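Everything on this sheet refers to the single structure shown next.
We did not get these values from a lab; they are worked out from the coordinates using the rules stated. In this text the structure is predicted, and so the values were computed from the model without any measurement. Backbone-built Cβ (ideal geometry, glycine too); neighbour counts: all protein chains shown.
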Amino acid sequence: MKQQSNITLTATILIMASLMISATAHAVVFTDAGASLQKILNDITVAPASKNSSIDVNTDQIKLDSQWRVAGSGGSYSQIIIELSGNAGINTLGIYDVTNPLNMVTLYAGVESAGAQKLLTFANDGSVLINFADTGVDFAGNAFGYFLNTGTHIFYSDTDLNADAVDHMVAYQGQGVDVIDLPATLPGAWVGNEYIMAWEDQFGGGDANYSDLVLIIESVYPMPEPSMLALLGIGIVGFIGSRSKKRI
């Protein structure tokens, strides 16, 4: 009976975690029903035979895309897929320290476009390196978010930090099904440790087609926000407490 009780408790905790994650998830709504971004994904897909992406831009958005970490290798490669914005020559994209969003490092400057590649790494002392060159900026750890700076506004991957309260980035995880052909590299499988991130660069959401800047990033993974983990902890403690009272 005790083993069954423990199994039930574990299952309940997992259900609570799933519900809490779903409740905090954001999904962007496209004004063009996703047609522009879907075309971009279809255009880079060379297999399967249909040459249409297996990703549906409306239904396959990942639920958590605010904060990220670099995987165990310590490095993350990225490449711009396409940039269609009228602000292409101005926009810059980079990362910020989640403990201090004003502590930033630029990955891509406005002059860079489709095919531009960067390697992001974190040294043991928190130093941020781009293409193995020390940027002179240190982060508190390897937890970070992405930002897009239009010269007028800075939009963060964490929607709560955006002045217009709009989610300016949508992300998709590779499923190992599609073979994609990017501007600067040979075709290869879009696998699970690779994410395509698409940005909207207009304050208030603009035309909300999320095709202003699209890039692929590998060897990163999204992480739950601390507030979510805290809420989950409170929920679990409360649940265990209620079970303890029932036994008395």
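Computed over the range 27-224, the P(r) curve from all C-alpha pair distances, binned at 5 Å from the origin, holds 1, 8, 17, 21, 22, 17, 9, 4, 1, 0 percent per bin.
Given the Cα-Cα distance of His153 and Ala27 and 0.36 nm per residue of separation, how much length would full extension add, in nm? It would help to have the intermediate numbers written out before the result.
Values: separation 126, 0.36 × 126 = 45.36 nm, distance 2.17 nm.
So the extension gain works out to 43.2 nm.
The order of the peptides 104-112, 92-100 by mean Cβ neighbours within 10 Å, most packed first, is 92-100, 104-112.
Sorting the segments 197-210, 36-49, 160-173 by their residues' average number of neighbouring beta-carbon atoms within 10 angstrom, most packed first, yields 197-210, 160-173, 36-49. When its C-alpha radius of gyration is set against 2.2 N^0.38 Å (N residues), the range 116-213 gives a value of 1.25.
To the nearest 20 debye, what charge dipole does the range 126-203 have about its Cα centre, counting +1 at the Cβ of each Lys and Arg and -1 at the Cβ of each Asp and Glu? Display every interim value, and only then the final one.
On the way: 0 positive and 11 negative charges, 35 e Å.
Once rounded to the nearest 20, the dipole reads 160 debye.
Each Cα pair under 8 Å and six or more residues apart adds its sequence gap; the mean of these over the residue count of the range 27-224 is a relative contact order of 29 percent. Phi angles across the range 48-62 convert, under the Karplus curve 6.51 cos²θ - 1.76 cosθ + 1.60 with θ = phi - 60°, into 3J(HN,Hα) values of x, 4, 5, 6, 10, 4, 6, 7, 9, 5, 7, 9, 9, 5, 6 Hz, Gly and Pro given as x. For the range 182-199, backbone phi angles converted through the Karplus equation (6.51, -1.76, 1.60; θ = phi - 60°) give residue-by-residue couplings of 9, x, 10, 9, 5, x, x, 5, 8, 9, x, 8, 10, 10, 9, 10, 10, 10 Hz, Gly and Pro being listed as x.
The reciprocal of the average 1/r between distinct C-alpha atoms defines the Kirkwood hydrodynamic radius, which for the range 67-168 equals 14.1 Å.
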